[in-house]
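Reviewing the structure listed below.
Nothing in this text is a laboratory measurement; each read-out follows from the coordinates by a stated rule. Please read all numbers here as calculations on a predicted model, not as lab measurements. Neighbour counts are summed over all protein chains in view; Cβ atoms, including those assigned to glycine, are modelled from backbone coordinates with ideal geometry.
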Amino acid sequence: MTNKIVCYIRGVEIVETPEEKVRQEYVRRLVEEYGYPKELIDVEVPIQLGRDESKRADIVVYRSKQDRERRENHNIIVECKEPDVKYPDGEKQLRSYTNSTTAQIGVWTNGIEFRYWKRLKEPDRYDEKGYLPKYGQEYGDKKILKKELRPSSNLQATFKRIHDNIYANYKSGNKTKVFYQVIYLLFAKIQDEKSYEPECRFIIYDREWDEIRDKGISKTFEKRISDLFEQAKNRKEFEDIFDGSEKIEIPIRQVANVISEFENITILNTDVKGEAFQAFISGQFRGDAGQFFTPDPIKALVVAMLEPEPDEVVLDPACGSSGFLVFTINHYRNWVKKQKGWIDEKDNVLDDTDLTPDQREILRGKIKEYAGVHIKGIDFDNDLTKVAKMYMVMVDDGHTNIWTSNSLIPFDELTKNTRGTITYEGIDIIMTNPPFGSKGKVEDPNILSGYDFGFAWRKDKKTGEFDKEKLLAGKRGGGQVPDILFIERCLSLLKKGGRMGIVLPDGDLTNQNTEFVRAWLKDKAQIVAVISLPQETFVPFGAGVKSSVLFLKKPKSKSPERYPIFFASLEKIGYDIKGRKTYKRNGNGEVVDCDGRSIDYLTDRKGNKTKQDPALIEMTGALDTNVPDVLSEWIKFRKEFKSYLW
């Protein structure tokens, strides 16, 4: 079956090919990031190369709307290639187009790499450049004010493009090192946006690009970007992210490429920066040692059901990149907005971008204060805890209570590793997706001896009771899977009356050989809810393990003998088994937003409706998930059985 997409410029349905995807992404950037009006752009434009030869240029930008209608006075011509096609394939073709027209700028791209040329007065002579001027500017007069920065049209694609470009050209062979080099430059960009200077310093000027092209070095450029990163490292709010030894080490040409990608966009005021950053890091860390990133709808569900109060301490003892914690912070963000009355006529909280500068500053201050006291995370992977802190920076919060440690070690060691912040029965709420799988069994007797689940369990055939028998890490070998140990550790971390939501493989809740886990839980905790997750939940993140979310309450005394338990099954989580987003539709098959309104249509040149705008669908389309339905049923259950619950 041939996939179809809607042309961003013409609004008509076209066949999706690798080259077409590159073209559509670039025309979107021309409009949304570089500011070129859509009415000045056309695609598949015939170019007369001689008396009998005509070919079609992929993208042409004209100087006026009339020029586009007449197809004259071409200004920019873009040659697009498939991602697998390497430069200089297609450069001669691009030059033949510019030589045959009035075009002053030529652009070559395969979606990952970009080349730019300015046409000189002499025939067939070009000056290679490092960027494309924004609409209304020319080469040589480059100046970017912070107030002119635009939100990214696709920040996730930008992150990936930058990473792939550096990795392809750096030749380091170390994907993780390249990943962190992108992060370092990202923080230099954040430092620039946070400074009070009106003009951007995260920029490459024409003269600096010419120096890099001709001499392979530009001292002013190198010093300015290096200074920005050093200033970022020295910011008090970032002091626990960097140890001071970090350096920008990739070749200056790659640094220049990153700057040219980022210089026209704002990171801090791009609404989806957190989501884009999460997608970027999940592509770097996928399923090692049994870790699987939790999809956003599941995070939203867990936070909504646990309902953290502003004065409660929230911990994720296997925090990974801090997704649960970020969603908790956003929960608090919305709580503050409601308290302040920052809502619309339908009582929905306002987006951050709709707040005044003073309101945003108040909000940032409250979030930083809240997160610095009430948000805590632990992960054994030092790379992930670094990334977790960076991710939390992306959502404007504090990040000082993210610790690198194994959460399963004896309590005295854990408390020491976290400087006294994580203690026995010291946490109000736990939400976590711990590592699971038999390949990562814990076998250390020093750890296992501190757990009931660190022992083998034997069921008495007569009484049906279970007894601890022998350490699993004895001479027989053995060990225990970490997810089962995490159940016990999380309960010991909770205060009496505390609550938790933990993602577990269904085998822990249903298999015969884990019956001892359920017997133990019966005496130690009150089971509040079990939410079954679809089989495909973790497939796009590297695993196909059927899982559920188990919600528990730690009794203040003894659990009631009989109590209600909420059961639900999630059937849709907003994307398919390949990780592609799926959207809600009305009776006519149209994609709708969260209020049930049909997304606007694109029109062709005659004003006829074609397809719904894919850009608007991406931004405002309602994900097709029954999480809201489950939450609605949970609210009814909670109201009816309030005395048994939180």
Sum of side-chain charges, Arg23 neighbourhood, beta-carbon under 13 Å (Lys, Arg +1; Asp, Glu -1): -3
Distance between the range 573-603 and the range 185-251 - C-alpha centres, whole angstrom: 41
Additional length obtainable on full extension of the chain from Glu515 to Ser64, 0.36 nm per residue less Cα span: 155.0 nm
Anisotropy class of the range 125-197 from Cα gyration tensor, a/c 1.5 cut: oblate
Spacing of the two label points (7 Å from each Cα toward its C-beta) at Gln535 and Glu465, in nm: 4.2
Local electrostatic count, Phe641, Cβ distance below 14 Å [Lys/Arg +1, Asp/Glu -1]: +4
Gain on full stretching of the segment that runs from Asp127 to Thr220 - 0.36 nm per residue minus C-alpha separation: 31.4 nm
Distance (nanometres) between label positions extended 7 Å along Cα→Cβ at Ala168 and Ser569: 4.5
Spin-label model distance (nm) - Arg235 vs Asp595, 7 Å beyond Cα toward Cβ: 3.5
Reported label for calculated semi-axes √(5λ) of the Cα gyration tensor in Å given [x] 40, 28, 26; [y] 51, 28, 23; [z] 39, 33, 22: [y]
The range 25-43 and the range 380-429: distance between their alpha carbon centers, rounded to Å: 44
Filtered GluC sites (Glu not before Pro), the range 219-272: DSSP coil and at most 15 other beta carbons within 10 Å: Glu239, Glu249
